[in-house]
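Below: one structure, written as structure tokens.
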Amino acid sequence: MFYNRLLVDENDSKDPKELKQDLAELEFQLFRMQENIKEISKAKQVIGIDQTKDEKWVIVSAEDDGNQCKIMVNDCETPYNGQWDFALQAVYKDEDNIHIGDIKGPANKGYGSICINYLKDLARDQNIPYITGDIAERDWDHVDRLIYFYEKHDFRVELDNCDRSGEIIWFE
């Protein structure tokens, strides 16, 4: 994706300075990625490298003890300091269900989509057909955004507007 931004065609209005800046940004992210992967892999399992919707590179790592799992994202613009930039926490309810407990981190960066896709891959790899989760009253101020997010990722969303609660269900 990022490489495509660097290519120039007859309809592209980027001047050479902009292209040089894009290339410098890419080189910096790749350098930071290399350094961050070294540090992250000392404590966590690196499970992937991905790009956000803004074409920023991120490192995806996981912790999984068989009872609970956490999928974490770290950007490649800042040095890794032992903390994740975004995390999805889940528990194995039984052999057929992973239940999302919490999602923490900034909104609208694409981190949530990256984590949910890796969680779905994890479920498929372990032959777990269901991923569930709850929508709590504390989420109600952004429930429309949650509905959009989960439906975009093929979850069924069931809401109880009276109780300000809900459930999400994904089935493979």
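Residue check: N108 meets all listed conditions (1) part of a strand (DSSP E or B); (2) free of Cβ contacts under 8 Å to residues at least 24 places away in the same chain; (3) among the polar types (S, T, N, Q) but one, namely (1). You will find that of L159, L122, the residue that is of a type outside the set (V, I, T), over 20 Å from K56 (Cβ atoms) and either in a helix (DSSP H, G or I) or in contact with a Pro (Cβ under 9 Å, 6 or more places away or on another chain) (or both) is L122 and no other. Of the candidates I114, I59, the single residue that is within 12 Å of the chain's Cα centre (by Cα) and closer than 24 Å to V143 by Cα is I114.
Looking across A87, A107, A62, one residue alone is surrounded by fewer than 18 Cβ atoms within 10 Å (Cβ to Cβ) and small (G, A, S). It is A107. Taking region 133-148 as the range and being exposed (fewer than 12 other Cβ atoms within 10 Å of the Cβ) and of a type in the set (K, R) as the test, only R138 passes. If you filter region 22-46 down to residues that are surrounded by 12 or more Cβ atoms within 10 Å (Cβ to Cβ) and farther than 22 Å from I114 by Cα, you find that the one that is modelled with the lowest pLDDT is D22. Every listed requirement among (1) more than 14 Å from I169 (Cα to Cα); (2) in contact with a Lys or Arg (Cβ under 9 Å, 6 or more places away or on another chain) is met by V60 save one, (2). The lone criterion from (1) closer than 30 Å to E35 by Cβ; (2) touching a residue at least 40 places away in the same chain (Cβ under 8 Å) left unmet by I168 is number (1). Only one entry of K17, K104, K93 meets the criterion of being closer than 30 Å to I131 by Cα and either in contact with a His (Cβ under 9 Å, 6 or more places away or on another chain) or modelled with pLDDT under 90 (or both), and that entry is K93.
The values are calculated or read from the model by the stated rules, or taken from the named source; none is laboratory data. Here the structure is a predicted model, which is why all the values come from computation and not from measurement. Cβ sites come from the backbone with ideal geometry, for glycine too, and all protein chains shown count toward neighbours.
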